[in-house]
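The structure appears right after this line, and notes come after that.
A short reminder: the numbers here are calculations on the coordinates, not readings from a lab. As the structure is a computational prediction, the values presented were derived from the model and not from experiment. For neighbour counting, all protein chains shown are included, and Cβ atoms are generated from backbone atoms with ideal geometry for every residue, glycine included.
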Amino acid sequence: MVLYIVIAVIAYLIGSVNFSVLISKKMAGFDVREKGSGNAGATNVLRTVGKKAAIITLCCDILKGVFAVLIACVIGKFVKDYNSAVLAEIAALGVVIGHTFPLFFGFKGGKGVATSLGIILIINWRIGLACLIFALLLMAITRMVSLGSISAAVLFAVLTLIIRENYITGEYHWSYIIFGVLLACFVIFNHRTNLKRIINGTENRLSFQKKETKDNDQTVNNETTDVENNTTEVIEKEDKGE
């Protein structure tokens, strides 16, 4: 019982390291929670800071989940009196809770999607890959990150009932079903406001319109500059009598 608690605490502390806040402050000089949607996650970093910062945040959050589960699995191999599957599951839930309610950042964190992805991929790569592809397809079709995230979490819970191979701890354990349901419920809980907006048809969608507008404005500015330069050349030639 003591080891379960220790693993939970370690995983929670790992999850409490919020990379979106750290990266946004480092690269843009502000706390991402004060901009955009107010969420400390990769999607809001993408909207408020940029692609490079978002990619770094996404990778760090995924690896955070992987690292927490790996620590639990390694310990589980050396301690025989504890169930390695349960240790991995406790670590997984602990790191997601830490990401959502970070100790080091006033208990105001992200929704745990990227961290959950890392967890799913390391616990069972087949299920993780299926959930990732499913989420990306939904996001591409609807342009709603929240819908893809929620759907993938529910799919994970369903697949733990069907797929009983390729788990990191070796043999399949019934607790994976409970873990899948808990993780899905937690993701849905974190997206409760998004669900309301999805139902109302007001959910935010990924858009590159802003970038295209900037590019068009830049093109217009360049064309205007060229016209002005040409006009100046003509006037100078007329003054010289050419």
Can you check what the net charge comes to around Asn44, using other residues whose Cβ is under 9 Å from the Cβ of Asn44 (Lys, Arg +1; Asp, Glu -1)?
+3
Distance between modelled label sites at Phe189 and Val9, nm, 7 Å Cα→Cβ extension
2.2
Sequence of Glu203, Glu34 once ranked by neighbouring C-beta atoms within 10 Å, starting from the fewest:
Glu34, Glu203
Run the numbers for Trp174 and Ser37: contour at 0.36 nm per residue of separation, minus the present Cα-Cα distance, in nm.
45.5 nm
Among the listed pairs Lys26/Lys111; Lys25/Lys108; Lys108/Lys196; Lys26/Lys51; Lys25/Lys51; Lys64/Lys111, give every one whose C-alpha distance is greater than 18 Å.
Lys26/Lys111; Lys108/Lys196
The chain: longest segment with zero exposed chymotrypsin sites (Phe, Trp or Tyr not before Pro), where exposed means DSSP loop plus at most 12 other C-beta atoms within 10 Å, is residues 1-106
On a 0 to 90° scale, report how tilted helix 2-15 is relative to the longest principal axis of the chain, with both axes built from alpha carbons and the result rounded to the nearest 10.
0
Between 0 and 90°, nearest 10: helix 209-240 axis offset from the chain longest Cα axis
20
In Å and whole numbers, how far do the C-alpha atoms of the chain stretch along each principal axis, longest first?
98, 33, 31
Give the order of Val187, Val86, Val45 when sorted by the count of other beta carbons within 10 angstrom, beginning with the fewest.
Val86, Val187, Val45
Suppose only helical runs count, i.e. DSSP H with n ≥ 4. What mean residue ellipticity at 222 nm does that imply for the chain under -39500 (n - 2.57) per run, divided by all residues and rounded to the nearest 500 deg cm²/dmol?
-25000 deg cm²/dmol
Relative to the longest principal axis of the chain, what angle (0 to 90°, nearest 10) does the C-alpha long axis of helix 84-100 take?
40
